[in-house]
């Protein structure tokens, strides 16, 4: 009897709406069309490297209906990884070791013929490094930040944008009622896509993004203009990575070993402090959306895109195009080498059409 082809799927990095839709699409295509066996590694590649291994069989009953659910049924993590596996030393301190060769050996022992790694920039850098070590791997991009330059969109972004826009809509009514300035701080790390999109969709007065360092004087002029009549309100949307001209982002260093990114957050409160110093009479409140943008059911756009990516990833395995990542070149789904996909960051360019639109609406970008 011929053994069924066996593939493994992992979800790494931060969670985002649409991960389960990818898993469902992979399983439906791989098992329904090719009768392959699909395994999921629990918490990214940690499942393979755990003792005992933590692998989950992904079959049609397991993935039935999960496309409407947020999160990922196989878990995820943004700490450590096969190249920097956390190890506790005898003196109680933490260190890291490279277990990538062991990972590949364990996959071979399990009869895994191909791996689909679903993740953002950091996860795809791991994909590329494993590919260079000889692993048959395919990349699937995901991030709410929309900061991968190789794809028009990443699934999770549209859902996060809808959450942020809904928050702007709600803040407008309370700001108008109290004649207040309401500041909404959103995610995005070093890219301003969520903030810019929510500001335009929600009708904000000011939007501050990492790509355009802001002048507090420019911000204050807009605020003064909005309150000049004696009544009025201000909606300001700020990306967590926004910074003043000549300054730096508001961030702290994580104390969790294996988590290497700076923890952004706090710029909204910092801005309110600046405003209160210059215009004490302004009532201002801050709302930080935080991980609300990552959770919940994916919108229709993200379900469709995630499903397209899942089907396309299985197609790449059949074509033996390992070392490639699927991507959106709207309306087509394409593939390109992972090495190319991670070569540059997807910033909001100063002449981007959305920036032009925001300026045309009179939205202040702080410059």
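The values are calculated or read from the model by the stated rules, or taken from the named source; none is laboratory data. No experiment lies behind these values; they were computed from the predicted model shown. All Cβ positions, glycine included, derive from the backbone under ideal geometry; neighbour counts span all protein chains shown.
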Subset of region 181-209 [within 18 Å of residue 350 (Cα to Cα), in contact (Cβ under 8 Å) with a residue 60 or more places away in the chain and assigned to a loop (DSSP other than H, G, I, E, B)]:
189, 190, 191, 192, 209
Tell me yes or no: at least one residue of region 294-312 is over 20 Å from the mean Cα position of the chain (by Cα) and touching a residue at least 40 places away in the same chain (Cβ under 8 Å).
yes
Residue 34 passes all but one of the listed conditions (1) over 18 Å from residue 316 (Cβ atoms); (2) out of contact with any helix residue (DSSP H, G or I) (no Cβ under 7 Å at 6 or more places or on another chain); (3) in contact (Cβ under 8 Å) with a residue 60 or more places away in the chain; the exception is number (1)
Give me a count of the residues in region 210-254 that are under 18 Å from residue 176 (Cα atoms) and in a loop (DSSP other than H, G, I, E, B).
6
Which numbered condition residue 188 fails, given (1) on the phi > 0 side of the Ramachandran plot; (2) outside the structural domain of residue 265 (by TED's automatic domain parsing); (3) within 24 Å of the chain's Cα centre (by Cα):
(2)
Answer yes or no: is there a residue in region 293-314 that is touching a strand residue (DSSP E or B) at 6+ places or on another chain (Cβ under 8 Å), modelled with pLDDT under 95, more than 30 Å from residue 130 (Cα to Cα) and exposed (fewer than 14 other Cβ atoms within 10 Å of the Cβ).
no
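Conditions tested, residue by residue: (1) modelled with pLDDT under 95; (2) surrounded by 15 or more Cβ atoms within 10 Å (Cβ to Cβ); (3) touching a helix residue (DSSP H, G or I) at 6+ places or on another chain (Cβ under 6 Å).
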{"position": "42", "(1), (2), (3)": "no, yes, no"}
{"position": "48", "(1), (2), (3)": "no, yes, yes"}
{"position": "52", "(1), (2), (3)": "yes, no, no"}
{"position": "57", "(1), (2), (3)": "no, no, no"}
{"position": "61", "(1), (2), (3)": "no, no, no"}
{"position": "85", "(1), (2), (3)": "yes, yes, no"}
{"position": "94", "(1), (2), (3)": "yes, no, no"}
Leading residue by the ranking (surrounded by the most Cβ atoms within 10 Å (Cβ to Cβ)) among those in region 315-337 that are out of contact with any helix residue (DSSP H, G or I) (no Cβ under 9 Å at 6 or more places or on another chain) and not in a helix (DSSP H, G or I):
336
Where residues in region 338-356 are more than 20 Å from the chain's Cα centre (by Cα) and not in a helix (DSSP H, G or I), which of them is nearest to residue 200 (Cα to Cα)?
352
Identity of the residue in region 111-146, in a loop (DSSP other than H, G, I, E, B) and in contact with a strand residue (DSSP E or B) (Cβ under 7 Å, 6 or more places away or on another chain), that ends up surrounded by the most Cβ atoms within 10 Å (Cβ to Cβ)
120
